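As structure tokens, the structure follows; a few thoughts come after it.
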Amino acid sequence: MDKFTVLSAVAAPLPEENIDTDKIIPARFLKTTKRTGLGVHAFDSMRYRADGSENPDFVLNQEPYRKAEILITYDNLGCGSSREHAPWALLDFGIRCVIAPSFADIFHNNCFKNGILPIVLPHDVCEQLMEDARMGGNARLTIDLPRQVVVRPDGTEVPFNVDPLRKKLLLEGLDDIGQTLQHEKEITIFEERRAQAQPWIPRIVLD
Amino acid sequence: MAPRTLFDKIWDSHVVETLPDRTAILYIDRHLVHEVTSPQAFEGLRLSGRRLRHPDATIAVVDHNVPTSDRTQPIEEAESRNQIETLERNVKEFGVPYFPLLSARQGIVHVVGPEQGISLPGMTIVCGDSHTSTHGAMGALAFGIGTSEVEHVMATQTILQKPAKNMKVVVEGQVGPGVTAKDIMLAIIGHIGTAGGTGHVIEFAGSAIRELDMAGRMTLCNMSIEAGARAGLVAPDETTFEYVRGRPFAPKGEAFDEAVAYWKTLAADEGAHYDRVVEMRAEDITPVLTWGTSPETVIPVTGTVPDPAAEADAGRRAQMQRMLDYMGLKAGQKIAGTPVDVVFIGSCTNSRIEDLRSAAAIAAGRKVAAGVRAMIVPGSGIVKAQAEEEGLDKVFLEAGFEWREAGCSMCLGMNPDRLTPGQRCASTSNRNFEGRQGPGGRTHLLSPAMAAAAAVTGCLTDVRELI
């Protein structure tokens, strides 16, 4: 996983609520056995017309947003399926930070696991950031994770919250399996204690 | 100790350790694996030289991609075939118990788990699929996870999570004729919205919930995710214990009695705190369906399509108009009488034997309307066999329905079962998002009985006119 420290980039405004994971990556593209290569299908139904050509009205088909690394939306971003293909598609497109007034739980979690920083900011602040984003390529937003602020093009700063543990993992680009395995002894003790307390829990063994 | 909810009790009994920021290392009892969200996780294990910590707490099935037609033939779509073959290689390499495509026990993972007694009360259950919430009907804490977490569970038998908030949805009273668990759940989602449960685990309670059979409770918990909740729960009771008794992987004999004694301690304590409580009357719930492309767009089947002009918020007004355009509907039109092209009865929401019986009761002695394609996709090979033993297959076939093999099928259209652009579908599945059942497809979510009513009349219909 790539580290996330300070990102200064073009932001794309996508002023919609309830952007679901089917919209971010439709199910028919989930047949891959890899994590990469999904960027071309990100937002497929909004990005392409029925004949396969690009829809020029869609923000990510316009300059400078083709190179957007930040996406700003309205409430409940990433609702629906648990597919991690949604953040994989965003990441493969180049998105490293998503900003919304609220996120669906699983998508929010999945972003962190892939080095994408999800930032929760109030609706009116998201609106302001979208206004900034509409100014185009000269109006970059800076996401400063160590200081936990979004720096707007006029230099004003918007603070945001992030869970300390997740911040640490993002800053260091660490996967959390290694970290959990440092607690392997505690897991083993838990298993032994439980096997005594609830010996009836069956094992799944096929004939 | 302060009074605790059902969620609190299951949570507390699975915390291995709490990290300084309140993140828990939470022990996982059951990990369900399918072909779509697991290949990258197995690959991750392979790359890091890790093994599965507990293959004997894991079960794999193929469901999302599988054809629901003749299975003696090779799978035509190369990518689907590859995903299935990849799972088969992985379960072999990592020693994971697996129900293959041609096994009678194959089916949708959320039908198979409870049916086999793999999902039990009081457990923590995860799967790389958001509808894992289904298993909450057993009185288990069950939720969907992403693929990175799938790998984490495989390697550590735990996940990292912060405790959710407690929410209770109480439905008291008795539902009227033609009103099913699906109508109750759609009514709840219509009431609280698709983000109404975000950050919460919803416990469903009240007399109308207690009276539901296990299939109904599964329908309810299944769609908790459509209300944005992390999981849904129903407190285990005699209905639960009777359902579990004798299932292939459930505890037997004395072990079962011991288990039941423990399960009886799980119900919420008197005075337990809920962060949010929503109360509804069963008598107020009628047969309902969705008109738009979000599961919260619920209206009674006797109702009319809402008018965006009545919506104050400009953004929401535009979104409603877009939904109407996509769905090919007009503001103010009566929803009943809208012609349908396809009827899909299946999915992890509504493909159990009880669902098929309810659809068959409407289909019996009637014919699928001309020009309508009506499909029945049982949730598992076991459900299919049971239905055939009861003669339901004949009822459906005589009425002109297709009788297919088990899988996720047209719920998400990863296999060849897809809508074509503009087709309108009465569907017992769980999501009506744009393109969900096929690009350009138009989905109306409703109950199996309502779906059968749409099939035989050729349009969205109040099922009460047929009972």
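The values are calculated or read from the model by the stated rules, or taken from the named source; none is laboratory data. The shown structure was predicted, so the numbers you read here are calculated from the model rather than taken from an experiment. Cβ placement follows ideal geometry from the backbone for every residue including glycine, while neighbour counts extend to all protein chains displayed. For the accessible areas, the whole protein counts, side chains as well, though only heavy atoms, and no ligand, DNA or RNA atoms are used. Shrake-Rupley method; radii C 1.70, N 1.55, O 1.52, S 1.80 Å.
Restricting the first member to region A:90-110 and to residues that are among the aromatic types (Phe, Trp, Tyr), and the second to residues that are open to solvent by 20 Å² or more (accessible area, probe 1.4 Å), the beta-carbon pairs closer than 7 Å and six or more apart or on different chains are A:PHE103/A:VAL120. Selection of region B:32-87 for residues being farther than 20 Å from B:LEU412 by Cα and aliphatic (A, V, I, L, M) yields B:ALA41, B:LEU45, B:LEU47, B:LEU52, B:ALA57, B:ILE59. In summary, A:LYS34 fulfils each of the numbered conditions (1) open to solvent by less than 10 Å² (accessible area, probe 1.4 Å); (2) within 10 Å of another protein chain (Cβ to nearest Cβ) with the single exception of condition (1).
Matching residues to (1) at the interface with another protein chain (Cβ under 8 Å from one of its Cβ atoms); (2) touching a helix residue (DSSP H, G or I) at 6+ places or on another chain (Cβ under 8 Å); (3) assigned to a helix (DSSP H, G or I):
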residue: A:ASP124; (1), (2), (3): no, no, yes
residue: A:GLU127; (1), (2), (3): no, no, yes
residue: A:MET130; (1), (2), (3): no, no, yes
residue: A:ILE143; (1), (2), (3): no, no, no
residue: A:VAL158; (1), (2), (3): no, yes, no
residue: A:ASN161; (1), (2), (3): no, no, no
residue: A:ARG166; (1), (2), (3): no, yes, yes
residue: A:GLY178; (1), (2), (3): no, no, yes
residue: A:LYS185; (1), (2), (3): no, no, yes
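Find all pairs meeting these conditions: Cβ atoms under 9 angstrom apart; at least six residues apart or on different chains; first residue within region A:51-72 and closer than 15 Å to A:CYS97 by Cα and in contact (Cβ under 8 Å) with a residue 60 or more places away in the chain; second residue charged (D, E, K, R) and open to solvent by less than 70 Å² (accessible area, probe 1.4 Å). Short answer, once both residue conditions are applied: A:GLU69/A:ARG96; A:ILE70/A:ARG96; A:ILE72/A:ASP132. If you check A:THR21 against the conditions, is it of a type in the set (S, T, N, Q), more than 28 Å from B:ALA227 (Cα to Cα) and in contact (Cβ under 8 Å) with a residue 40 or more places away in the chain? No: the conditions fail for A:THR21.
Among the residues of region B:9-27, is any at the interface with chain A (Cβ under 8 Å from one of its Cβ atoms), in a helix (DSSP H, G or I) and free of Cβ contacts under 8 Å to residues at least 60 places away in the same chain? Among the residues of region B:9-27, not one is at the interface with chain A (Cβ under 8 Å from one of its Cβ atoms), in a helix (DSSP H, G or I) and free of Cβ contacts under 8 Å to residues at least 60 places away in the same chain, which makes the answer no. Of all the listed residues (B:ARG50, B:ARG30), the sole one being closer than 18 Å to A:GLY178 by Cβ, among the basic types (Lys, Arg) and facing another protein chain (nearest Cβ under 10 Å) is B:ARG50.
Of the residues A:ILE106, A:ILE72, only one is crowded, with 23+ Cβ neighbours inside 10 Å, of a type outside the set (D, E, K, R) and not in a helix (DSSP H, G or I); which? After applying the criteria, what remains is A:ILE72. How many of the residues making up region A:1-31 are within 7 Å of another protein chain (Cβ to nearest Cβ) and within 20 Å of A:LYS113 (Cα to Cα)? Result for region A:1-31: 3.
Please work out if B:LEU186 is of a type in the set (A, V, I, L, M) and either in contact with a helix residue (DSSP H, G or I) (Cβ under 7 Å, 6 or more places away or on another chain) or part of a strand (DSSP E or B) (or both). In short, no.
Got a sec? Which of B:GLU242, B:GLU258 is open to solvent by 20 Å² or more (accessible area, probe 1.4 Å), away from chain A (no Cβ under 13 Å) and in a helix (DSSP H, G or I)? Residue meeting the stated conditions: B:GLU242. Candidates are the residues of region A:109-126 that are touching a Pro at 6+ places or on another chain (Cβ under 8 Å) and surrounded by fewer than 16 Cβ atoms within 10 Å (Cβ to Cβ); the one that is nearest to A:GLU172 (Cα to Cα) is A:PRO122. Taken over region B:334-366, the criterion of being charged (D, E, K, R), under 19 Å from B:GLY407 (Cα atoms) and in a loop (DSSP other than H, G, I, E, B) is satisfied by B:ARG352 alone. Within region B:190-198, not a single residue is under 21 Å from B:TYR262 (Cβ atoms), not in a helix (DSSP H, G or I) and not β-branched (Val, Ile, Thr). Scanning region B:120-146 for residues that are among the polar types (S, T, N, Q), within 21 Å of B:TRP263 (Cβ to Cβ) and within 11 Å of chain A (Cβ to nearest Cβ) yields B:THR132, B:SER133.
B:GLU149 satisfies every condition listed in (1) within 13 Å of another protein chain (Cβ to nearest Cβ); (2) closer than 28 Å to B:GLY228 by Cβ; (3) touching a residue at least 24 places away in the same chain (Cβ under 8 Å) except (3). Summed over region B:417-448, residues that are more than 17 Å from the chain's Cα centre (by Cα) and open to solvent by less than 10 Å² (accessible area, probe 1.4 Å) total 5. Only one of the numbered conditions (1) open to solvent by less than 60 Å² (accessible area, probe 1.4 Å); (2) not in a loop (DSSP other than H, G, I, E, B); (3) not aromatic (Phe, Trp, Tyr) is violated by B:GLU35, and that is (2).
Could you please give the count of residues in region B:71-87 that are touching a residue at least 24 places away in the same chain (Cβ under 8 Å) and not in a helix (DSSP H, G or I)?
Looking only at region B:71-87, we keep the residues that are touching a residue at least 24 places away in the same chain (Cβ under 8 Å), and these are B:71, B:76-77, B:80, B:83-84, B:86-87.
Right, trim to not in a helix (DSSP H, G or I) and you get B:71, B:76-77.
Residues flagged as touching a residue at least 24 places away in the same chain (Cβ under 8 Å) and not in a helix (DSSP H, G or I) within region B:71-87 amount to 3.
Scanning region A:10-60 for residues that are farther than 26 Å from B:ALA78 by Cα, outside any helix (DSSP H, G or I) and in contact with a Leu (Cβ under 7 Å, 6 or more places away or on another chain) yields A:ALA11, A:ALA12, A:LEU14, A:ILE19.
Against the numbered list (1) farther than 15 Å from B:VAL343 by Cβ; (2) open to solvent by 20 Å² or more (accessible area, probe 1.4 Å), B:VAL383 comes up short only at (2). Entry remark, region B:198-216: residues being open to solvent by less than 10 Å² (accessible area, probe 1.4 Å), over 20 Å from B:GLU354 (Cα atoms) and in contact with an Asp or Glu (Cβ under 9 Å, 6 or more places away or on another chain) number 1 in total.
Only one of the listed residues (B:THR180, B:THR219, B:THR194) is open to solvent by less than 20 Å² (accessible area, probe 1.4 Å), more than 9 Å from every other protein chain (Cβ to nearest Cβ) and of a type in the set (S, T, N, Q). That residue is B:THR219. Taking region A:137-150 as the range and being touching a residue at least 12 places away in the same chain (Cβ under 8 Å) and either touching a Ser or Thr at 6+ places or on another chain (Cβ under 7 Å) or surrounded by 13 or more Cβ atoms within 10 Å (Cβ to Cβ) (or both) as the test, the residues that pass are A:ALA139, A:ARG140, A:LEU141, A:THR142, A:ILE143, A:ASP144, A:LEU145, A:PRO146, A:GLN148, A:VAL150.
Before we move on, is B:MET414 crowded, with 22+ Cβ neighbours inside 10 Å and part of a helix (DSSP H, G or I)? No; evaluated as a whole, the condition is false for this residue.
Hey, can you tell me all the residues within region B:53-70 that are at the interface with chain A (Cβ under 9 Å from one of its Cβ atoms), part of a loop (DSSP other than H, G, I, E, B) and not basic (Lys, Arg)?
B:HIS54, B:HIS64, B:ASN65
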